[in-house]
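Each remark here refers to the structure printed beneath this line.
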Amino acid sequence: MAETVLVTAATGTVGRHVVTELVDRGATALAGTRDPDGAGDALSGGARPVAFDFERPETWGSALEGVDGLFLVRPPGVARGRLTDFADAAARVGVGRVAYLSTLGAERNPLIPHHRIERHLADAAVDHAFLRASFFAQNLHEVHARDVVERDEISVPAGDGATSFVDARDVGAVGAAVLTERGHRNVAYDLTGPEALTYDEVAAAFSDALGRRITYGDPSIPAFIRREYASGRPLGFALLMVGVYTTARLGLADRVTGDVERLLNRPPRTIRDYVRDYADEFRRE
Ligand SMILES: NC(=O)c1ccc[n+]([C@@H]2O[C@H](COP(=O)([O-])OP(=O)(O)OC[C@H]3O[C@@H](n4cnc5c(N)ncnc54)[C@H](OP(=O)(O)O)[C@@H]3O)[C@@H](O)[C@H]2O)c1
């Protein structure tokens, strides 16, 4: 059981919830951020911000002081080697367990960085828990809120494919649980929501929760890329999204597991829970 946990990407979608849950469990949560003075808004009370940057190894030693557990996230754009070097440094200074935020199916896809990072951690001198998460519900506001607010539309090229959306708050709760409870050594968990929904069904959940009609637009891939690029998104990000939504379109994102319920002793949050709790993100002024 870890008592002092360094959470990387602590101001991010999942990390902030890991921090909150660790504090609730009475653990010491060190919130790793490149900007410890400015991280206040993203972090709840009780977290201790610490300067940490994967790209600046000179920050690693002080961030790892007194740490026995690590919540490891690969932020977008950080090279795999940086992450594995840091994991090795953590093992060298005595960190006993690592929970790594991975993605559903990583074990079957040798082409993605998560696969190789998992392999590295499996061979490292530290106990690991791989949290292979499905698509986060929170992408719906972090990436697509503007379409909903301005056009009452969710517009992604996912066809009729279903996705087993998982709520990032549940992923964060699992992260804190596996680091602070006994067991969970050298394991992998597949974290999904309770059901797989098509984007038509997601739009219906939005309509009910927001009290106005939200529709699902299923653009062609070129039209989606053109629109995302025109709205200022980098081409690389648009292409990444095409990959994700094509996976859903092909019916490869719909696997539902019972791991979240088993680990948290309660059902995972639904998309309806998510839209209700984040409704302000989708309201018009
Ligand atoms: N989105 C999905 O549906 C999904 C599903 C499954 C798995 N995943 C995986 O989840 C991971 C991302 O997690 P997330 O969405 O919680 O992260 P996120 O919201 O993208 O947050 C990234 C955080 O990383 C920090 N960061 C950026 N560059 C850094 C650096 N050089 N050194 C240290 N920290 C840095 C930033 O914090 P500061 O600015 O405070 O430093 C930022 O808040 C990815 O590996 C992704 O593949 C995502």
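The values are calculated or read from the model by the stated rules, or taken from the named source; none is laboratory data. Since we're looking at a predicted model, the values are computed, not measured. So basically every Cβ, Gly included, is an ideal-geometry build from the backbone, and we count neighbours across all protein chains shown.
Any idea which of L104, L64, L72 is over 30 Å from R272 (Cα atoms) and of a type in the set (A, V, I, L, M)?
Details: L104 fails: over 30 Å from R272 (Cα atoms); L72 fails: over 30 Å from R272 (Cα atoms).
The conditions single out L64.
When the range 1-26 is filtered for residues that are in a loop (DSSP other than H, G, I, E, B) and either closer than 22 Å to Y278 by Cα or touching a strand residue (DSSP E or B) at 6+ places or on another chain (Cβ under 6 Å) (or both), the ones remaining, listed by number, are A2, T8, A9, A10, T11, G12, T13, V14. Take the conditions (1) of a type in the set (V, I, T); (2) surrounded by fewer than 18 Cβ atoms within 10 Å (Cβ to Cβ); (3) modelled with pLDDT of 95 or more; I112 misses just one of them, which is (3). Residues that are touching a His at 6+ places or on another chain (Cβ under 9 Å) and in a helix (DSSP H, G or I) within the range 109-160 comprise E118, L121, A122, V148, listed in sequence order.
Every condition in (1) at pLDDT 95 or above; (2) at negative phi; (3) in contact with a strand residue (DSSP E or B) (Cβ under 9 Å, 6 or more places away or on another chain) is met by G66 except one, and the failing one is (2).
In the range 60-86, of all residues being over 20 Å from R16 (Cα atoms) and not charged (D, E, K, R), the one that is farthest from the ligand (Cβ to nearest atom) corresponds to G66. Screening D208 with (1) in contact (Cβ under 8 Å) with a residue 60 or more places away in the chain; (2) in a helix (DSSP H, G or I); (3) within 25 Å of A173 (Cβ to Cβ) gives one miss only, at (3). If you filter the range 15-35 down to residues that are surrounded by 24 or more Cβ atoms within 10 Å (Cβ to Cβ) and near the ligand (Cβ under 7 Å from one of its atoms), you find that the one that is nearest to the chain's Cα centre (by Cα) is G15.
State whether the residues of the range 54-72 include one that is under 30 Å from T163 (Cβ atoms) and in contact with a Gly (Cβ under 7 Å, 6 or more places away or on another chain). It would help to see each step written out before you state the result.
Residues of the range 54-72 under 30 Å from T163 (Cβ atoms): 54, 70-72.
Then drop every residue that is not in contact with a Gly (Cβ under 7 Å, 6 or more places away or on another chain), which leaves 71.
Scanning the range 54-72 turns up at least one residue that is under 30 Å from T163 (Cβ atoms) and in contact with a Gly (Cβ under 7 Å, 6 or more places away or on another chain).
Going by the structure shown, is L191 without any contact (Cβ under 8 Å) to a residue 40 or more places away in the chain and within 30 Å of A122 (Cα to Cα)? The answer is no for L191.
Out of P49, P75, one residue alone is touching a Ser or Thr at 6+ places or on another chain (Cβ under 7 Å), at pLDDT 95 or above and either assigned to a strand (DSSP E or B) or not aromatic (F, W, Y) (or both). It is P49.
Here's the yes/no breakdown for (1) touching a Lys or Arg at 6+ places or on another chain (Cβ under 8 Å); (2) assigned to a strand (DSSP E or B); (3) at pLDDT 95 or above; (4) crowded, with 18+ Cβ neighbours inside 10 Å:
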residue	(1), (2), (3), (4)
D190	yes, yes, yes, yes
Y216	no, yes, yes, yes
G232	no, no, no, no
Y245	no, no, yes, yes
E261	no, no, yes, no
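If you check V148, V174 for being outside the structural domain of I117 (by TED's automatic domain parsing), buried (at least 23 other Cβ atoms within 10 Å of the Cβ) and either small (G, A, S) or within 16 Å of the ligand (Cβ to nearest atom) (or both), only one passes: V174.
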